[in-house]
Structures are given as C-alpha cells and as structure tokens.
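J.: Take this structure first; my questions come after.
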Amino acid sequence: MSILDSVVIGAGQAGLSASFHLTRLGISHVVLDSDSEPGGAWRHRWDALTMRDVHGVAELPGESPPPRDGQRANTAVPAYFAAYEHAHDLPVIRPVRVDRVVDDEGILVVHAGERQWRTRTLVNATGTWTHPFLPHYPGMETFLGEQLHTVDYPGPEHFAGKRVLVVGGGASAVQFLGALAPLTDTLWVTRREPVWRNDDFTPEAGAAAVALVEQRVAQGLPPESVVSVTGLMLRPQEREAERLGAFAARRPMFSRIEPDGVRWADGSFERVDVILWATGFRPAIAHLAPLHLRSAAGGIQLDRRGRGTTAVQDPRIQLVGYGPSASTIGANRAGRSAAKGVQHALAREPLRTS
Ligand SMILES: Cc1cc2nc3c(=O)[nH]c(=O)nc-3n(C[C@H](O)[C@H](O)[C@H](O)COP(=O)(O)OP(=O)(O)OC[C@H]3O[C@@H](n4cnc5c(N)ncnc54)[C@H](O)[C@@H]3O)c2cc1C
C-alpha cells in the first residue's frame, strides 16, 4: 500500500483550510470525513439558526463566506463548503469514520473499519460536535420529562407551552433563552456566575481570549472553549428575553433531578417539563488514543513556540480546530500553520517520536 505524505481527518473549516494549504505546498494527502455530505458541524445546527444569528463565519482561504442574512446556517455554510471543495479540487473522501490511528514502525496507519491509509504525517481536524458533553446529576434517569442537549435542539416552537430549564453558562444557553423566553416559561441554571461583557468585542479582546486558551494547551491542560473566556454578550435578538427577566433570574446548579423537576441543596424545588443541557462539547479525539498524545494534565500539549498546532509528544501530528483554534477564524489560520508543520515534519524524515 502506498504511503501518503499526510492524512487530514475531518472536513469542517479546519480540515478544508489545512487541505487547501497542503495542496498549495504540493503535499500529497487525502481528507477523510465521517459525514455523508460537506458542511462539518454546520450541517447539524438547528433550522432556526440563520446566518444573521451566528457569531460569524470566517472565510475559507480566498473565498468570501455566505452573507449575514436570513438564510439557514445549516444549508448556507454546507453549500459554501461544498463549492469550496469543488473549486479547489480538495481530495475529500466520505463517509469515512476514522476509529483509530496507530504507529506502525514510524508510519501512521489510519483505520476506518476495514479500510486503512498509511501516512507520514497527520492533521486532526475532527472538531467537537460529535462529542457532546452531558454532566451527570443524581436522579437524572428518573426524570419523566424531556432531556435534550444542544446537538438535539429542534428550534423554539417545539418548546411552546412547556416549562424549560436551560443548563449552562455559554453562548448556546444565552441563544436558547433568547429564543425561548418570549415564547414560553424558562429557568436558567449555571455552575458559575456568568461573566457579561458590555464593551465592544475588539480584535484585541479576541486575541487576549485566544491567548488564554493557548496558555492552557501549551501546558498540556484540556482546552477550554474560546467562547468560555470571551464572556457573554446579549445581541438584539436576546433583548426581549432580557426584558422578560430570563437572564436575571439565574440560579446556581441544582443538586438532584426528580421525576418532575429539579431540587437544590437548600430543599427548594422547581417543576420543569424539559431540561435543555447547553453544556458544551469536548474534542473528538478518541481515535488518537493509541498514539498516547495526552499529557499527565489530561490534554494534548501543543508546541506554542512553533506554529501552535504541532503535538509536542509527536511532531508528525498537527491538531487544528483544537483549543485556541476552535472557532472558524482560528480553524482557518490553524489550517495554514498545520500545513507548514507537516512540511517541516516531512523535511525532517526519518521521523522520530519523542
Ligand atoms: C452551537 C455552536 C455555534 C457556533 N457558532 C460559531 C460561530 O458563529 N462562529 C464561529 O467562528 N464559531 C462558532 N462555533 C464554533 C465553530 O463551529 C467551530 O470552531 C468550527 O466551525 C469548527 O470547525 P472544525 O473544522 O474544527 O470542526 P467541525 O465543523 O465539527 O468539523 C469536523 C469534521 O470532522 C468530522 N469527524 C469527526 N470525527 C471524525 C472521525 N473520527 N473520522 C472522520 N471524520 C470525523 C465531522 O463529521 C466533521 O465533518 C460554534 C459552535 C457551536 C457548538
């Protein structure tokens, strides 16, 4: 079996950007993506999310993103990605779900069921959407109402007439409350006091937030989302919910779930019909486990002095859309850095792992 110079896993913003730059550098590669159609995580976002509602989709190298209008994000962004793959003739193969990557005497072998690809380097761009995080609370399994995670959000109409408890202190929770509070009765709980941002989100503030996540991955700590360090903002879409008090009436986390509601440690109780877990995601990197990239601190340490995408444990491997590059703009830039990291690793053959 021939040996590729690189394999990219994942064809979202990060994987497409990496593939574009690898192609430009003349590096032979394939992009393996588990979805049946282009679009990455954007294909799976809820129907009510329009391009006007998203925080912003950065452009893929050299091609303007879809306009910020009333189009559905889950069709506009996938169409943009599809056109991009086509225009740049990117070597995407789908559907291919990678289940593990192993090292075979210095060559990386990427397994997907019965299929395999051999490669000198790897760019991991698998995002987080396929790895939703659901915390466990006592009594969770006894709840008789409905429990949903962000990945299942069916749009606001589904909740009309139901009492909805939104759990989580991130941008998704704020968006959900913004959409639901004008329509139905809502409650909000978060683990920590939310940090609101009232000033303009300048490029400097964005860079400072990214730097905080960068510091974490440089120490090998599990990354926190960039959004979690930028603070929360209310947009015009959320002002009506604010006026109705949806954000002011926040409570700390309950201590247990009962069949018809949630109870706090002080004995107080709220009846709810739905628990909407807006509790985020974790990096989808289980397939990399055989490579033992995780540090003792629990995350994959990335080389901060170099390009910021190279795994310290094994410089053949680049991670994009991970930690500081987990936003469309970050993923885009990381794709370029990763392609250079791949070029650098190939120039250093024979490769050694540390
Ligand atoms: C609700 C929500 C809203 C957001 N809104 C914004 C926003 O407005 N602006 C912004 O910049 N960022 C936003 N983000 C973050 C942003 O979506 C991501 O940072 C970025 O789009 C992720 O791109 P990606 O390429 O890293 O991952 P993804 O788009 O998730 O792509 C990863 C791809 O890898 C594939 N894959 C996963 N595992 C495997 C496997 N084992 N084998 C093969 N393929 C695999 C997946 O199918 C997918 O196609 C949002 C995130 C969420 C959750």
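J.: Given the structure, is GLU85 over 21 Å from THR130 (Cα atoms), modelled with pLDDT under 95 and of a type in the set (D, E, K, R)? Explain how you work it out, then say what you get.
T.: Working: over 21 Å from THR130 (Cα atoms): yes; modelled with pLDDT under 95: no; of a type in the set (D, E, K, R): yes.
Against the criterion (over 21 Å from THR130 (Cα atoms), modelled with pLDDT under 95 and of a type in the set (D, E, K, R)), GLU85 does not qualify.
J.: Report whether or not ASP69 is assigned to a loop (DSSP other than H, G, I, E, B), surrounded by fewer than 15 Cβ atoms within 10 Å (Cβ to Cβ) and either at pLDDT 95 or above or of a type in the set (A, V, I, L, M) (or both). Quick ask: steps written out before the conclusion?
T.: Values: assigned to a loop (DSSP other than H, G, I, E, B): yes; surrounded by fewer than 15 Cβ atoms within 10 Å (Cβ to Cβ): yes; either at pLDDT 95 or above or of a type in the set (A, V, I, L, M) (or both): no.
It is false that ASP69 is assigned to a loop (DSSP other than H, G, I, E, B), surrounded by fewer than 15 Cβ atoms within 10 Å (Cβ to Cβ) and either at pLDDT 95 or above or of a type in the set (A, V, I, L, M) (or both).
J.: Then there's this: For HIS287, work out the one condition from (1) within 10 Å of the ligand (Cβ to nearest atom); (2) under 16 Å from the mean Cα position of the chain (by Cα); (3) surrounded by 15 or more Cβ atoms within 10 Å (Cβ to Cβ) it doesn't fulfil.
T.: Result: HIS287 passes all but (2).
J.: Next up: Of all residues in region 22-48, how many are touching a residue at least 40 places away in the same chain (Cβ under 8 Å) and in a loop (DSSP other than H, G, I, E, B)?
T.: Taking region 22-48 and keeping what is touching a residue at least 40 places away in the same chain (Cβ under 8 Å), we get 22-25, 27, 29-41, 44, 46-48.
Still in the list and also in a loop (DSSP other than H, G, I, E, B): 25, 27, 33-39, 46-48.
Looking only at that region, the number is 12.
J.: Does SER19 satisfy the condition of being more than 8 Å from the ligand (Cβ to nearest atom), in contact with a helix residue (DSSP H, G or I) (Cβ under 8 Å, 6 or more places away or on another chain) and in contact (Cβ under 8 Å) with a residue 12 or more places away in the chain?
T.: Details: more than 8 Å from the ligand (Cβ to nearest atom): yes; in contact with a helix residue (DSSP H, G or I) (Cβ under 8 Å, 6 or more places away or on another chain): yes; in contact (Cβ under 8 Å) with a residue 12 or more places away in the chain: yes.
Yes: the conditions hold for SER19.
J.: Okay, next question. Restricting attention to region 47-60, which residues are more than 8 Å from the ligand (Cβ to nearest atom), of a type outside the set (Gly, Ala, Ser) and touching a strand residue (DSSP E or B) at 6+ places or on another chain (Cβ under 9 Å)?
T.: Result: ASP47, THR50, MET51.
J.: Separate question: What are the residues in region 77-114 that are of a type in the set (D, E, K, R) and more than 24 Å from PRO66 (Cβ to Cβ), if any? So that I can check it myself, show each step before the final result.
T.: Applying the first criterion (of a type in the set (D, E, K, R)) to region 77-114 yields 85, 89, 94, 97, 99-100, 103-105, 114.
Matches in region 77-114: ARG97, ASP99, ARG100, ASP103, ASP104, GLU105, GLU114.
The values are calculated or read from the model by the stated rules, or taken from the named source; none is laboratory data. All figures in this text were calculated on a predicted structure; none of them were measured in a lab. FYI the Cβ positions are ideal-geometry reconstructions off the backbone, even for glycines, and counts take in every protein chain you see.
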